[in-house]
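Written below as structure tokens is the structure these notes are about.
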Amino acid sequence: DAGVIQSPRHEVTEMGQEVTLRCKPISGHDYLFWYRQTMMRGLELLIYFNNNVPIDDSGMPEDRFSAKMPNASFSTLKIQPSEPRDSAVYFCASSLGWGLEPYEQYFGPGTRLTVT
Amino acid sequence: DQQVKQNSPSLSVQEGRISILNCDYTNSMFDYFLWYKKYPAEGPTFLISISSIKDKNEDGRFTVFLNKSAKHLSLHIVPSQPGDSAVYFCAASAWGSSNTGKLIFGQGTTLQVKP
């Protein structure tokens, strides 16, 4: 398996523009997570899906952020309009979920977003 | 409010010595803890985990210790190798009580192992 795939790897945009980040989870994984990494706060969970349904979006910072998972193999995280403080590395991760204990989450390589 | 804290942003050790990375948490409902390692330009990868019913879990050179009364865990790497140089994230989950594998991560500690 190719692992979790994210695109683009780097995104530079101007303040006010719309940004769309994309993720393809590992086939067969039924949980998908979006994280944001910053120096101050480390890895923050933004939202996660189970079987394409959003379960917990309490980490989404503002209404400018939205995420969708139209099918089991694709998810998007959209920021509209983007602001300089949104500059960070955004990670997508997927997992089988949990049984007797939480299953390992597999992370993609991340998208480095710079908003000028 | 940070529920999982890694108070040391960085740590430098000599090759062959022990590396000790620390993590504190505040939520008493956390019952499963994990360490992830991250190299530059890559996503984090799972390293080792521990359930709250244990106080120690060992995997090769890596050992995680859990002190529930102090709400503290630590990762020991013995002996440290230059390839261990990376950012280490501590994470916690309240999966047993909430039936969710949602992970709360700390800020990360950058480990540098000098040859």
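The values are calculated or read from the model by the stated rules, or taken from the named source; none is laboratory data. On a predicted model such as this, the values are computed, not experimentally measured, just so you know. Cβ sites come from the backbone with ideal geometry, for glycine too, and all protein chains shown count toward neighbours. Each accessible area value is taken on the protein alone, full model and side chains, heavy atoms only, with ligands, DNA and RNA left out. Shrake-Rupley method; radii C 1.70, N 1.55, O 1.52, S 1.80 Å.
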Query - A:ARG41 vs. criteria under 15 Å from the mean Cα position of the chain (by Cα) and open to solvent by 80 Å² or more (accessible area, probe 1.4 Å) - result: no
Only one of B:SER74, B:SER69 is more than 28 Å from A:PRO109 (Cβ to Cβ), modelled with pLDDT of 95 or more, in a strand (DSSP E or B) and of a type outside the set (Asp, Glu), namely B:SER74
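Here is a list: B:VAL13, B:VAL78. Which entry is β-branched (Val, Ile, Thr) and either within 14 Å of B:PHE105 (Cα to Cα) or touching a strand residue (DSSP E or B) at 6+ places or on another chain (Cβ under 6 Å) (or both)?
On inspection, the qualifying residue turns out to be B:VAL13.
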Subset of the range B:65-113, residues aliphatic (A, V, I, L, M), open to solvent by 50 Å² or more (accessible area, probe 1.4 Å) and within 12 Å of B:ASN22 (Cβ to Cβ), comes to B:ALA70
message = Considering only the range A:64-81, I want to know if a residue exists there that is within 20 Å of B:ALA41 (Cα to Cα), touching a residue at least 60 places away in the same chain (Cβ under 8 Å) and either within 14 Å of chain B (Cβ to nearest Cβ) or in contact with an Asp or Glu (Cβ under 8 Å, 6 or more places away or on another chain) (or both).
response = no
For the range B:49-88 the number of residues that are within 28 Å of A:ARG9 (Cβ to Cβ) and among the aliphatic types (A, V, I, L, M) is 2
Reported set for the range B:10-37 where residues are open to solvent by 20 Å² or more (accessible area, probe 1.4 Å), under 29 Å from A:GLY3 (Cα atoms) and modelled with pLDDT under 95 is B:ASP31
Of the residues that make up the range A:13-28, is at least one under 26 Å from B:ILE50 (Cα atoms) and away from every other protein chain (no Cβ under 13 Å)? yes
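The rows are residues; the columns are (1) among the polar types (S, T, N, Q); (2) in a strand (DSSP E or B); (3) open to solvent by less than 50 Å² (accessible area, probe 1.4 Å).
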residue	(1), (2), (3)
A:ILE47	no, yes, yes
A:ILE55	no, yes, no
A:SER58	yes, no, no
A:ALA67	no, yes, yes
A:PRO70	no, yes, no
A:LEU77	no, yes, yes
Given (1) at pLDDT 95 or above; (2) in a strand (DSSP E or B); (3) open to solvent by 50 Å² or more (accessible area, probe 1.4 Å), B:PHE46 misses just (1)
| query | Right, A:ARG41: within 14 Å of A:LEU113 (Cα to Cα) and within 12 Å of another protein chain (Cβ to nearest Cβ) or not? | reply | no
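For (1) of a type outside the set (A, V, I, L, M); (2) outside any loop (DSSP other than H, G, I, E, B), each residue gets a yes or a no:
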{"residue": "A:GLY3", "(1), (2)": "yes, no"}
{"residue": "A:LEU21", "(1), (2)": "no, yes"}
{"residue": "A:TRP34", "(1), (2)": "yes, yes"}
{"residue": "A:SER82", "(1), (2)": "yes, no"}
When (1) open to solvent by 80 Å² or more (accessible area, probe 1.4 Å); (2) free of Cβ contacts under 8 Å to residues at least 40 places away in the same chain are applied to A:GLU14, the one that fails is (2)
